[in-house]
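**Q** Below you'll find the structure I mean.
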Amino acid sequence: MECMFACSRRVGRGGFDKSAIFVRSAGGMEHGFVIVVCRACENPPCAKVCPTDALREREGGGVILDEDKCIGCGNCAEACIMGAIFWDDEKNKPIVCKYCGNCTNYCVHDVISLVEAEAGA
Amino acid sequence: MQSKDMNRVLYINLTKRATSVERRGDLFDEYLGGTGVAIKLLEEECPRGIDPLSADNSIIFAVGPLSALYPSASKTVAMFKSPLTGNLGESHCGGRSAMAIKFAGYGAIVIKGASDIPVYLAIHGDDIHFRDASSIWGVEAQTVGRILREVEPGSGVRSIIRIGSAGEKQVRYACAVCETYRHFGRLGLGAVMGSKNLKALVISADKSLELPKAKRKDYKKVYDELQGVVVKTDAMEKYHDLGTAGKIYDLNKIGGMAYKNLESGQAPEEIARELAGENFAEKVLSRRVSCAHCPVGCIHLASLREMYEPGYYFKTSIIPYDNETIYSLGFMLGMTKVEDYLRLIDVVDRRGMDAISTGVILAWATEAYEKGLITKEHTDGLELRWGDVQVYSEAIRKIVRMPTEFYRDLARGVEHASSVYGGQDYALAFGGNEMPEYHTGIACYLNNLAGARHSHLDSAGYDLDQKLLGKEFTLEEVVEKLLKEEEWRQILSSLVVCFFARKVYTPAVIPKALDAIGVKGWTSEKLEELGREIHRAKMNFKFREGFNLDTIRIPKRIFEVPTPHGLLKEEELRKALAIYKERIGSG
């Protein structure tokens, strides 16, 4: 869970409610863990269902959120079957991964890393 | 949601099914959190001389200012009056408990009274429910976790603390199981929960902490500094690679390992190789996991593949192993195979018993059976025999089911059982608490006699013994070193950081870490002073409840088997205890 806390620290928070990455067990710790994070899909469904174009594709993968345009409808979170669109209850807006890679700096067990991937690969 | 105040104490009254929240800045400002705050709350909530298994007992869970904000600040402190020793019950646990309590918005949770029917508590931030636990009463600790995972929210950010059948039946050394593989192990928290008809707590986090804007750079700096030390020092390597089991072989080699109820301080070479961390890693290690917000990953899980019926019917169980339980259920019971030890720990874990106490009690029972003090009539037909995993598994089941008076006595601990059946000379308990792993010399036994729980959780006497090997030392020096260590550890457990990170959280760095999250005014001197104060408060609670260093029973066996320092003399140990008593100035 180091990655979750690292993601929250970016915005000066202790905790994880601003985190764009999430770790949970795969149904109990005996089954190991699942890391939920944006996988930078091509043609991202979250952006497709945004009624105000607040979410647009980011160059190099992922999406960018324009908070001014966002109306907090939650369509994006519903459309992401990975569960990788998190929700900021205070702002009532989505939290999306910015691909800054900060989380990877704190994963000492080399589970996650930030890599360049070619489109279509 | 953010929480502006982590000094809130949640009071839960199970009798009245009522809850309330109080801000206790008075306690948290002065005593930090964790152990410091918990002992103060226990003083307030636990009347003198009560029956630990009555509704009058209180359970305190406390976290601290560093909890879930810094690496390896991952433990929760539980305090209660112990049904095993009759005085201070203190137990620590990691898993996700500290993170969940902290970000549910509490510094501590106080549970009082007793429910008339089985209940479990669902604490989702400020939303608290008493739920009927009748349908999960009698269900094994692991299964309870699975069921509650499915019916309660908070996946990934919650802690599930529950008891098995041992807790329900009030076996005095029943533990509370947390996140399946972690435990509030020692001194009977599970029995206290059972006596309150409290099957489980589900605590989930819904808040975070806004750090002071002016301090954010400092926070990141201190965080990275601490993380760097945790990750790069040997602390990480030692606990991550082989885990705590990594030191088994060497401890046995120097003759500091209690084998077969301390018949010897050393198991034969082939046993030591079989039960060493290296062998576990090669044969059965299947996964290493961490507590929430800890980079170390010391929790070692084995996978055990077994045929449960002929015809290729296999099952694979994931079973945790570590140092102290390899001692108690492995070495003490003369196990000869890794797989047998794992089977035994699985039986113990499902019922939710303290593995250390269980092993020591069965080891005494085996020796007493060999010597004819107890017979098949007592044991309900079981022939207790070193290394016999089937018989021991059955005996553990019987301790919980209590089919005869003998098992009812075993369920009250080895101090009690040996007072009924004899064999006190080799009943390895200190102050009513069954012995931890080490037979290293005078410091470890002083630790067992005067400390609040066991070995590294108090003053690491075993460590001091090993450092003193081949050196000249006085009893005064040993007492002084142990006391200083134990006093300092009160600070670590008030912050609350895991003791495995004790070399990371130094007196110099702690004030900086506190300041960076807005807790001002601490210096290393002030911390050391507070450590002394908290330690005295804990000792005073023990003395108040009848603990006495003059009359404490010392089993003769420990003087009959050479330690790495040679034979320990009773008069030396008594002398050291007298010095200890004088130094702390009461009792």
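The values are calculated or read from the model by the stated rules, or taken from the named source; none is laboratory data. The structure presented is a predicted model; accordingly, all values stated were derived computationally and were not measured. No Cβ is skipped: glycine too gets one built from the backbone with ideal geometry, and neighbour counts run over all protein chains shown. Keep in mind that these areas ignore ligands, DNA and RNA; they rest on the heavy atoms of the full protein, side chains included. Shrake-Rupley method; radii C 1.70, N 1.55, O 1.52, S 1.80 Å.
**Q** Would you mind finding the one in B:Glu22, B:Glu44 that is assigned to a strand (DSSP E or B), surrounded by fewer than 19 Cβ atoms within 10 Å (Cβ to Cβ), without any contact (Cβ under 8 Å) to a residue 60 or more places away in the chain and away from chain A (no Cβ under 14 Å)?
**A** Values: B:Glu44 fails: assigned to a strand (DSSP E or B).
Every option except B:Glu22 fails the conditions.
**Q** Just give me the residues in the stretch B:102-142 being within 29 Å of B:Val400 (Cβ to Cβ) and in a helix (DSSP H, G or I), in sequence order.
**A** The answer is B:Ser134, B:Ser135, B:Ile136, B:Ala141, B:Gln142.
**Q** Next up: Return the residues of the stretch B:309-333 that are at pLDDT 95 or above, more than 19 Å from the chain's Cα centre (by Cα) and in a loop (DSSP other than H, G, I, E, B); say none if nothing qualifies.
**A** The answer is B:Leu333, and nothing else.
**Q** Still on this structure, please answer the following. Across the stretch B:523-555, what is the total count of residues that are in contact (Cβ under 8 Å) with a residue 40 or more places away in the chain, in a loop (DSSP other than H, G, I, E, B) and within 22 Å of B:Glu485 (Cα to Cα)?
**A** Selection size over the stretch B:523-555: 2.
**Q** Report, by residue number, each residue of the stretch A:74-87 that is within 14 Å of another protein chain (Cβ to nearest Cβ) and surrounded by fewer than 18 Cβ atoms within 10 Å (Cβ to Cβ). It would help to see each step written out before you state the result.
**A** So in the stretch A:74-87, the residues within 14 Å of another protein chain (Cβ to nearest Cβ) come out as A:83-84, A:86-87.
Passing the criteria: A:Gly83, A:Trp87.
**Q** I'd like to check something: does the stretch B:299-317 contain any residue that is more than 9 Å from chain A (Cβ to nearest Cβ), open to solvent by 30 Å² or more (accessible area, probe 1.4 Å), more than 17 Å from B:Gly94 (Cα to Cα) and acidic (Asp, Glu)?
**A** For the stretch B:299-317, residues more than 9 Å from chain A (Cβ to nearest Cβ), open to solvent by 30 Å² or more (accessible area, probe 1.4 Å), more than 17 Å from B:Gly94 (Cα to Cα) and acidic (Asp, Glu): present.
Results for (1) aromatic (Phe, Trp, Tyr); (2) closer than 30 Å to B:Leu148 by Cβ; (3) open to solvent by less than 50 Å² (accessible area, probe 1.4 Å); (4) in a loop (DSSP other than H, G, I, E, B), shown as yes or no for each residue.
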{"residue": "A:Glu30", "(1), (2), (3), (4)": "no, yes, no, no"}
{"residue": "A:Ala47", "(1), (2), (3), (4)": "no, no, yes, no"}
{"residue": "A:Gly61", "(1), (2), (3), (4)": "no, no, yes, yes"}
{"residue": "A:Lys69", "(1), (2), (3), (4)": "no, no, no, yes"}
{"residue": "A:Gly72", "(1), (2), (3), (4)": "no, no, yes, yes"}
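**Q** Could you figure out which of (1) in contact (Cβ under 8 Å) with a residue 60 or more places away in the chain; (2) open to solvent by less than 20 Å² (accessible area, probe 1.4 Å); (3) within 20 Å of the chain's Cα centre (by Cα) isn't true of B:Leu342?
**A** Failed condition: (1).
**Q** Collect the residues in the stretch B:166-185 that are open to solvent by 10 Å² or more (accessible area, probe 1.4 Å) and away from every other protein chain (no Cβ under 14 Å), keeping them in residue-number order.
**A** B:Glu168, B:Lys169, B:Gln170, B:Arg172, B:Gly185
**Q** Going residue by residue through the stretch A:93-116, is there one that turns out to be in a strand (DSSP E or B), within 14 Å of chain B (Cβ to nearest Cβ), among the charged types (D, E, K, R) and in contact (Cβ under 8 Å) with a residue 24 or more places away in the chain?
**A** In the first step, residues of the stretch A:93-116 are kept if they are in a strand (DSSP E or B); the result is A:93-95.
Cutting the leftovers down to within 14 Å of chain B (Cβ to nearest Cβ) gives us A:95.
Checking the rest, the ones that are also among the charged types (D, E, K, R) come to none.
Within the stretch A:93-116, not a single residue is in a strand (DSSP E or B), within 14 Å of chain B (Cβ to nearest Cβ), among the charged types (D, E, K, R) and in contact (Cβ under 8 Å) with a residue 24 or more places away in the chain.
**Q** Which of (1) more than 14 Å from chain B (Cβ to nearest Cβ); (2) under 16 Å from the mean Cα position of the chain (by Cα) is the odd one out, the single condition A:Thr52 does not satisfy?
**A** A:Thr52 satisfies all of (1) more than 14 Å from chain B (Cβ to nearest Cβ); (2) under 16 Å from the mean Cα position of the chain (by Cα) except (2).
**Q** Let me ask something else about it. List, please: which pairs have Cβ atoms under 6 Å, are six or more places apart or on different chains, and start with a residue in the stretch B:206-228 that is more than 8 Å from chain A (Cβ to nearest Cβ) and end with one that is in a helix (DSSP H, G or I) and open to solvent by 10 Å² or more (accessible area, probe 1.4 Å)?
**A** B:Val222/B:Lys512
**Q** Of all residues in the stretch B:439-457, count the ones that are modelled with pLDDT of 95 or more and open to solvent by 10 Å² or more (accessible area, probe 1.4 Å).
**A** Matching residues across the stretch B:439-457 total 2.
**Q** Looking only at residues that are more than 14 Å from chain A (Cβ to nearest Cβ) and aromatic (Phe, Trp, Tyr) in the stretch B:231-282, which one is most open to solvent (accessible area, probe 1.4 Å)?
**A** Checked the stretch B:231-282; the qualifying residue most open to solvent (accessible area, probe 1.4 Å) is B:Tyr249.
**Q** I would also like to ask the following. Kindly establish whether B:Gly64 is within 14 Å of another protein chain (Cβ to nearest Cβ), part of a loop (DSSP other than H, G, I, E, B) and either open to solvent by 30 Å² or more (accessible area, probe 1.4 Å) or closer than 24 Å to B:Asn433 by Cβ (or both). Can you show your working first?
**A** On the way: within 14 Å of another protein chain (Cβ to nearest Cβ): yes; part of a loop (DSSP other than H, G, I, E, B): yes; either open to solvent by 30 Å² or more (accessible area, probe 1.4 Å) or closer than 24 Å to B:Asn433 by Cβ (or both): no.
No: the conditions fail for B:Gly64.
**Q** Another question, if that's okay. Just the residues that are within 14 Å of chain A (Cβ to nearest Cβ) and of a type in the set (A, V, I, L, M), please, taken from the stretch B:318-344.
**A** Correct list: B:Ile318, B:Ile319, B:Leu342.
**Q** Output the number of the condition that A:Glu57 fails; it satisfies all remaining conditions of (1) under 15 Å from the mean Cα position of the chain (by Cα); (2) more than 9 Å from chain B (Cβ to nearest Cβ); (3) open to solvent by less than 10 Å² (accessible area, probe 1.4 Å).
**A** Checking A:Glu57 against (1) under 15 Å from the mean Cα position of the chain (by Cα); (2) more than 9 Å from chain B (Cβ to nearest Cβ); (3) open to solvent by less than 10 Å² (accessible area, probe 1.4 Å), the one that fails is (3).
**Q** So if I check each of B:Ser159, B:Ser165, B:Ser208, B:Ser195, which one is hydroxyl-bearing (Ser, Thr, Tyr) and more than 20 Å from the chain's Cα centre (by Cα)? Let's see the steps before the verdict.
**A** Values: B:Ser159 fails: more than 20 Å from the chain's Cα centre (by Cα); B:Ser165 fails: more than 20 Å from the chain's Cα centre (by Cα); B:Ser195 fails: more than 20 Å from the chain's Cα centre (by Cα).
Being hydroxyl-bearing (Ser, Thr, Tyr) and more than 20 Å from the chain's Cα centre (by Cα) holds for just one of B:Ser159, B:Ser165, B:Ser208, B:Ser195, which is B:Ser208.
**Q** Pick from B:Tyr407, B:Tyr421: which is within 30 Å of B:Leu549 (Cβ to Cβ), hydroxyl-bearing (Ser, Thr, Tyr) and touching a residue at least 24 places away in the same chain (Cβ under 8 Å)?
**A** B:Tyr421
**Q** Considering only residues that are open to solvent by less than 20 Å² (accessible area, probe 1.4 Å) and either touching a His at 6+ places or on another chain (Cβ under 9 Å) or without any contact (Cβ under 8 Å) to a residue 12 or more places away in the chain (or both), which ones fall in the stretch A:13-28?
**A** A:Arg13, A:Gly14, A:Gly15, A:Ser25, A:Gly28, listed by residue number.
**Q** Looking only at residues that are farther than 17 Å from A:Lys93 by Cα and surrounded by fewer than 20 Cβ atoms within 10 Å (Cβ to Cβ) in the stretch A:2-12, which one is nearest to the other protein chains (Cβ to nearest Cβ)?
**A** A:Gly12
**Q** On to the next question. Within the group B:Gly194, B:Gly145, B:Gly190, which residue is within 22 Å of B:Ile299 (Cα to Cα), more than 12 Å from chain A (Cβ to nearest Cβ) and assigned to a helix (DSSP H, G or I)?
**A** Values: B:Gly194 fails: within 22 Å of B:Ile299 (Cα to Cα); B:Gly145 fails: more than 12 Å from chain A (Cβ to nearest Cβ).
The unique qualifying residue is B:Gly190.
**Q** Of the residues B:Thr404, B:Thr336, which is among the hydroxyl-bearing types (Ser, Thr, Tyr) and more than 18 Å from B:Gln170 (Cβ to Cβ)? Walk me through it before giving the result.
**A** Working: B:Thr404 fails: more than 18 Å from B:Gln170 (Cβ to Cβ).
From the options B:Thr404, B:Thr336, the qualifying one is B:Thr336.
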